[in-house]
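Worksheet for the structure shown next.
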Amino acid sequence: MKPIRLAFVSALLIAGGPALADDPPNVEAQPVLCSIPDKAISLCAAISDDGTVAKARIYFRKAGEDFYNYVDMVFGGLNYCGTLPAPREGKIKTLEYYIQAIDDQFQPQRTSTFQMAIQPEGMCEYPPLEKDAKRAASIRVFASNKKQGSKLPDEFVATGVTFVPVAGK
């Protein structure tokens, strides 16, 4: 490479220029502060990559639990979105979640862990409810650890939810 080109490339890298082909995905999501019980939750994020986004997931749990469950997100034209099962009334005060993406080079990137208060209807001004009845009735939740067993935690409404435990013994 000629010295001028090398200097230009170095300047781009120092100045935060164009992404290189091996950068992890960029995940941008606004934290959702609250939702209401007994309704499925829809969360979306803007996810981009210099290559291909291979997977996008929402990891979630009742605040204080040891292990996360996750749902896959689907690209909808502008954003990636996923649907969480409805938290049961009186069983969850705070839901912890984060969004993670992995690109075609197996590089992960995630958001911070967000805290979502589960409040009675009327207390949460803009709850992120799933409006698509078909999506709300066909949620697929995956366990992230064998210790989670073979069913959705009791803190969530199981109607319309398929729980996938970790395979193996």
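The values are calculated or read from the model by the stated rules, or taken from the named source; none is laboratory data. Model, not experiment: these values are computed from the prediction. Backbone-built Cβ (ideal geometry, glycine too); neighbour counts: all protein chains shown. Protein only, heavy atoms only, side chains kept; ligands, DNA and RNA dropped before computing areas. Shrake-Rupley method; radii C 1.70, N 1.55, O 1.52, S 1.80 Å.
What to note about this one:
- Enumeration of residues in the stretch 102-125 that are over 16 Å from V27 (Cα atoms) and part of a strand (DSSP E or B): Q115, M116, A117, I118
- Qualifying positions in the stretch 69-96 - in contact with a Lys or Arg (Cβ under 6 Å, 6 or more places away or on another chain) and part of a strand (DSSP E or B): Y70, D72, T83, E96
- Counting the residues of the stretch 127-158 that are without any contact (Cβ under 8 Å) to a residue 12 or more places away in the chain and either crowded, with 17+ Cβ neighbours inside 10 Å or not charged (D, E, K, R) (or both) gives 1.
- Residue among I58, I99 that alone is assigned to a strand (DSSP E or B) and either open to solvent by 60 Å² or more (accessible area, probe 1.4 Å) or in contact (Cβ under 8 Å) with a residue 60 or more places away in the chain (or both): I99
- The stretch 123-169 - residue that is among the charged types (D, E, K, R) and more than 19 Å from the chain's Cα centre (by Cα) and, of those, farthest from M73 (Cα to Cα): K169
- Every residue from the stretch 70-96 that is open to solvent by less than 20 Å² (accessible area, probe 1.4 Å) and within 21 Å of S150 (Cα to Cα): V71, T83, L84, P85, A86, P87, I92, L95
- Flag for F67 being over 19 Å from S42 (Cα atoms) and either open to solvent by 50 Å² or more (accessible area, probe 1.4 Å) or touching a Phe, Trp or Tyr at 6+ places or on another chain (Cβ under 9 Å) (or both): yes
- Verdict on F106 being out of contact with any helix residue (DSSP H, G or I) (no Cβ under 8 Å at 6 or more places or on another chain), exposed (fewer than 15 other Cβ atoms within 10 Å of the Cβ) and in contact (Cβ under 8 Å) with a residue 24 or more places away in the chain: yes
- Some residue of the stretch 8-21 being open to solvent by less than 40 Å² (accessible area, probe 1.4 Å), at pLDDT below 95 and either aromatic (F, W, Y) or out of contact with any helix residue (DSSP H, G or I) (no Cβ under 6 Å at 6 or more places or on another chain) (or both): yes
- Residues (within 15 Å of I58 (Cα to Cα) and of a type in the set (G, A, S)) located in the stretch 109-134: S112
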